[in-house]
Amino acid sequence: MTLRTTFKAGVCAMAVSGLFALPAVAQKDAPQAVRLAPSSKWHVNFADDSCRLARLFGDGEQKTLFYIERYEPGDAFSMVLAGKPFRRPRYREKIAIRFGDGISEDERAYTIGEVGEYQPAIIFSGLRLDLKPLPEDDDNDNGDAEMPDVFGQEIPESVETAIQTIEIRHKNGAPVILETGSLGDPMKVLRSCTDDMLKHWGINLDKHRAIAKLPKPKSSPGRWLTYRDYPTDLLRKGYQGYVQVRLSVDANGKPTNCHIQQSTRPEGFDAAVCRGLMRKARFEPAVTQSGEVIASYWRTAVRFSTP
């Protein structure tokens with residue numbers, strides 16, 4: 001659902017431009033890869049509305065922050081790589097990604113930002129370790145399509161264990177390779193985090209693992225928020241925003257609470273999203289395989305952008 005365009009992502013930095021200052025250098029041979037070894041241990045942040053797996057790579061001028069973040073169980077995540085190794089001569093729409101040696105690379109769109117002292121930041125959304133695309137949101141969807149079971153994990157643990165590196169490559173640029181070591185154990189901890197997160201939300205995990213149908217919008221979510229919901233003062237100042245949001249949905253299909261999971265701020269965007277969704281969003285409630293109607297949740301992302 002979106003005011004202009006929607007993508008599944010979690011970002012912690014405002015999008016900015018003009019960060020690429022290095023001169024382009026023509027090279028006849030393939031550029032030498034930049035390999036970054038770990039310079040910290042893995043760290044998992046168990047937050048109320050997100051789970052983040054983070055690590056530092058490289059030293060000195062090449063010091064890089066890497067993290068992936070999940071807002072619910074499943075295979076999808078957002079990914080941020082931030083540091084000087086990711087400065088490029090010019091902004092390009094897509095970057096090639098490769099997880100490990102056994103998976104083909106794929107080009108993905110990204111956003112440019114910054115994360116504290118680490119800049120620029122390359123921010124991806126809607127990734128999986130097997131690089132399969134996530135289903136696209138459709139503003140014209142009538143809500144009849146069945147929602148996937150977000151509690152299922154399609155990617156086997158053996159694939160996670162086999163991944164030893166993450167490679168990022170701009171077109172015609174030198175690849176940056178993070179020597180992560182096996183992602184098997186870190187991803188196990190991340191899944192434990194998402195389970196704990198849902199328990200914190202009051203979600204019955206056992207019933208949701210036997211879910212037959214998750215909350216389904218009764219009408220197109222793309223019509224729940226329109227250009228009229230863009231905060232006038234922020235629009236006048238040219239502010240843009242991106243908001244990850246979760247609605248608690250009761251057994252009657254009515255949203256009972258709105259939770260901002262991540263936001264680029266200003267906070268006026270958060271208030272506009274929650275106000276609009278709580279007023280218009282209505283669902284068919286979640287149902288277990290035994291036919292029990294239960295309370296659950298529904299997530300989306302909203303981007304506010306100016307022409």
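Of all residues in region 221-272, those that are β-branched (Val, Ile, Thr) and surrounded by 18 or more Cβ atoms within 10 Å (Cβ to Cβ) total 4. Per the conditions (1) in the same structural domain as Pro73 (by TED's automatic domain parsing); (2) within 30 Å of Ile112 (Cα to Cα), the sole criterion not satisfied by Gly241 is (1).
Within region 27-38, is there a residue that is modelled with pLDDT of 95 or more, touching a Gly at 6+ places or on another chain (Cβ under 8 Å), within 17 Å of Glu167 (Cα to Cα) and of a type outside the set (A, V, I, L, M)? Looking for residues that are modelled with pLDDT of 95 or more, touching a Gly at 6+ places or on another chain (Cβ under 8 Å), within 17 Å of Glu167 (Cα to Cα) and of a type outside the set (A, V, I, L, M), one finds at least one in region 27-38, hence yes.
Examine region 284-304 for a residue that is farther than 20 Å from Gly74 by Cα, touching a Gly at 6+ places or on another chain (Cβ under 9 Å), modelled with pLDDT under 95 and part of a loop (DSSP other than H, G, I, E, B), and state whether such a residue exists. Within region 284-304 (the criterion being farther than 20 Å from Gly74 by Cα, touching a Gly at 6+ places or on another chain (Cβ under 9 Å), modelled with pLDDT under 95 and part of a loop (DSSP other than H, G, I, E, B)), the answer is no, since none of the residues qualifies.
Taken as a whole, region 183-193 holds no residue that is touching a strand residue (DSSP E or B) at 6+ places or on another chain (Cβ under 9 Å), under 26 Å from Asp270 (Cβ atoms) and among the charged types (D, E, K, R).
Counted as qualifying within region 145-244 are the strands (runs of 3 or more DSSP E) with 1 or more residues that are within 30 Å of Val287 (Cβ to Cβ) and in contact (Cβ under 8 Å) with a residue 60 or more places away in the chain, namely 211-213.
What do you reckon, is Ser182 under 18 Å from Val44 (Cα atoms) and in the same structural domain as Ser104 (by TED's automatic domain parsing)? In short, yes. Would it be correct to say that Lys84 is assigned by TED's automatic domain parsing to the domain that holds Gly181, more than 22 Å from Ile163 (Cα to Cα) and modelled with pLDDT of 90 or more? Against the criterion (assigned by TED's automatic domain parsing to the domain that holds Gly181, more than 22 Å from Ile163 (Cα to Cα) and modelled with pLDDT of 90 or more), Lys84 qualifies. Taking the listed residues Arg98, Arg108, the one that is within 30 Å of Arg223 (Cα to Cα) and at pLDDT 90 or above is Arg108, with no other qualifying. Restricting attention to region 267-290, does a residue exist that is under 30 Å from Tyr110 (Cα atoms) and among the hydroxyl-bearing types (Ser, Thr, Tyr)? No, region 267-290 contains no residue that is under 30 Å from Tyr110 (Cα atoms) and among the hydroxyl-bearing types (Ser, Thr, Tyr).
The values are calculated or read from the model by the stated rules, or taken from the named source; none is laboratory data. All of these numbers come straight from a predicted model, not from anything done at the bench. Here Cβ is always computed from backbone atoms with ideal geometry, including for glycine, and neighbour counts include all displayed protein chains.
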